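Worksheet: the structure to be examined is printed underneath.
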Amino acid sequence: MNPFAWFDQRQVGGFRLWDFGRRSLGREYGWVFLWHAVMRHPVQFARGLRQYRRLIKSGLAGREVYAHGEGLKWGRGAETIVGVGFCLKPIDPPCPSGRANHDCQYFEQRLHRAGGRMAAGCARCKIRQHGLEALSQGCHFYIMTSALDIWRDLFLPALQDRRFRRGVFALCRYSFDPFLLPLLMANMEYALIPFASGDCRDYETWLQADVGIKDTQTVMADHHLAMFQQRLGPPGGGSPPPFGFRKIGNVFAPAPSD
Ligand code: SF4
């Protein structure tokens, strides 16, 4: 075992990002994070790091779901963003929008409206389900791809102008710690919900997925899918109410009903 992985295992210094941090220094997202987060927002970085270490020391790493505040309880409204990994997109039959991108033909072509005819891949797609839950509750919705895009589309606006104050995210367990630090820097409430299978479990597979190479279909456990539904689905179940949205950059943003 390399010494940095050993540090992570022992949580040396209340930190579980030794190995990820070391490997990230040679990558563009690592330098962008260093520049934007550490150099340009040192106060938020120091606060986020303090909270992160406190959480790790309190035993957070052993929990199935990372959650703090309203992110886990109730997540409606435009200050909430719901983010899902692109690897939830179906492979067979495939997503008509392609895989490693922020696109969803189903929403972009407004196929959620009555009578819209969806592709075979969309019928059982969990991204469609979570998008309906999020957008019908007036939340932002984001199909997450690379670390760099997530930094630019999600963390930077949250950090700089508090655009997002709560987030509910479906992602691989391996990404929890690198994801948590910027969430804490941005002072967001959050729920990080893991994939049950098909997910990245080490740096090598994570890095491949970060450049869009991901041939396995991620799947969420039923009780975690229910978590999304409870937080974002229409009260009492049933069909979502009419809703509007537009895509701004890579993010689907709530808008007056269209
Ligand atoms: S609903 Fe799923 S399969 Fe259909 S376009 Fe959107 S992401 Fe792709």
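Tabulated values for the structure
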read-out: C-alpha center-to-center spacing [region 129-180, region 26-47] in angstrom; value: 18
read-out: Relative contact order (percent, whole number), the chain, Cα cutoff 8 Å, 6+ residue spacing; value: 25
read-out: Contour minus Cα-Cα distance for residue 123 and residue 222 (0.36 nm per residue); value: 33.9 nm
read-out: Ranked list, fewest to most other Cβ atoms within 10 Å of each Cβ, for 168, 43; value: 43, 168
read-out: Residue 201 paired with residue 38, simple spin-label distance in nm, labels 7 Å along Cα-to-beta-carbon; value: 3.1
read-out: Neighbour-count order for 122, 172, 87, fewest beta carbons within 10 angstrom listed first; value: 172, 122, 87
read-out: Residue exposure sequence - 215, 199 - by fewest surrounding Cβ within 10 Å; value: 215, 199
read-out: Local electrostatic count, residue 196, Cβ distance below 11 Å [Lys/Arg +1, Asp/Glu -1]; value: -2
read-out: Residues of region 179-200 with amide N under 11 Å of a point placed 7 Å along Cα→Cβ from residue 47; value: 184-188
read-out: DSSP beta bridge pairing in region 65-255, given as percent antiparallel to the nearest 5; value: 40
read-out: Computed helical MRE - 222 nm, the chain, DSSP H runs ≥ 4 contributing -39500 (n - 2.57), nearest 500; value: -10000 deg cm²/dmol
read-out: Computed lengthening from residue 5 to residue 22, 0.36 nm per intervening residue step minus Cα-Cα distance; value: 5.1 nm
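FYI, it's all coordinate maths here, none of it is from the lab. Bear in mind the structure is a predicted one, so any value in this text is a computation, not a measurement. Positions of Cβ are generated from backbone atoms using ideal geometry, with glycine treated the same way; all protein chains shown enter the neighbour counts.
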